[in-house]
Amino acid sequence: TVNISSPSTHTNRGNRFEVGDVVTLEARANYGYTVTGFKVEGSDTSLPMKENTEYPTIDYTITREALTQFNNIIPIVVTYQRQEMRKVTAISSDTKLGSVELSPKYSNFYNETKENGKVVKAESWYTAGTEVTCDGETITDYMIDYWQDENGNQQKWYTYQFTMGSTAETFIDHTFTAHFALGHQGSVSFEYQPGTKVDGKDQKKDYQNMVP
């Protein structure tokens, strides 16, 4: 996206500028891209960008020559370049037991494969330094037992979180497979004040409004 503002003192002229006005243009690249420069359409010369700004920015001075050349509408072109990216894939080991999900999701770089309405494979491309989360859902009575990466390493947890590396050894494609297991049934005791516990059906009726 491109934002336009001007320190000019002129008012009530909408988006029109006069000769001598200094127009500030700020460009923001979407995820996966970087701004490489600004230039007047048809020119091979890049306009100088300001230093120490949050986003790439230029100050462009309106000239009579430019207004004449372009019939009062000066086209400023912003150029972008796609960043280097690597693919992360999340896979369900058993499509009958659960689905998978990747986040964050960027529409240009995200793809899903579904079976019976469930996501059984998610693929996304990320830049270095991006924090990625593998997650999923299971059918009743089951849980995600562990995630296994492309090298066979396992992590026992229902989510797998990591940061895309920034070196040649760590900035690589990854594949994570969700493995499922039958959940374990048990009981829970809630202590709502020191020395007093609620445990089991016999005491439940006396503490119906308890908030753990």
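Cβ-Cβ contacts under 8 Å between residues 6 or more apart (or on different chains), taken from a first residue in region 74-86 that is in contact (Cβ under 8 Å) with a residue 24 or more places away in the chain to a second residue that is open to solvent by 100 Å² or more (accessible area, probe 1.4 Å), are listed as Pro75/Glu41; Ile76/Glu41; Val77/Glu41. Just a yes or no: is a residue in region 107-117 of a type outside the set (A, V, I, L, M), open to solvent by 60 Å² or more (accessible area, probe 1.4 Å), closer than 30 Å to Asn30 by Cβ and touching a residue at least 40 places away in the same chain (Cβ under 8 Å)? Yes: one or more hits.
Identify, please: which residue in region 14-38 is of a type in the set (Gly, Ala, Ser) and part of a loop (DSSP other than H, G, I, E, B) and is, among those, nearest to the chain's Cα centre (by Cα)? If we take residues in region 14-38 being of a type in the set (Gly, Ala, Ser) and part of a loop (DSSP other than H, G, I, E, B), then Gly32 is nearest to the chain's Cα centre (by Cα).
Could you grab me the full set of residues in region 125-145 that are buried (at least 16 other Cβ atoms within 10 Å of the Cβ) and closer than 14 Å to Gln161 by Cβ? Tyr126, Thr130, Val132, Cys134, Asp135, Gly136, Ile144 - these are the residues of region 125-145 that are buried (at least 16 other Cβ atoms within 10 Å of the Cβ) and closer than 14 Å to Gln161 by Cβ.
Go through region 14-38 and count every residue that is over 17 Å from Asn72 (Cβ atoms) and either buried (at least 17 other Cβ atoms within 10 Å of the Cβ) or modelled with pLDDT under 90 (or both). So that I can check it myself, show each step before the final result.
Just the residues of region 14-38 that are over 17 Å from Asn72 (Cβ atoms), to begin with: 22, 24-38.
Those still in the list that are either buried (at least 17 other Cβ atoms within 10 Å of the Cβ) or modelled with pLDDT under 90 (or both) too: 25-27, 29, 32, 35, 37-38.
The qualifying residues number 8.
Summed over region 56-101, residues that are closer than 19 Å to Tyr31 by Cβ, under 20 Å from the mean Cα position of the chain (by Cα) and part of a strand (DSSP E or B) total 9.
The values are calculated or read from the model by the stated rules, or taken from the named source; none is laboratory data. These numbers come from a predicted model, not from an experiment. We place every Cβ from the backbone using ideal geometry, glycine too, and count neighbours over all the protein chains shown. In case anyone asks, the SASA skips ligands and DNA or RNA and just uses the protein heavy atoms, side chains included. Shrake-Rupley method; radii C 1.70, N 1.55, O 1.52, S 1.80 Å.
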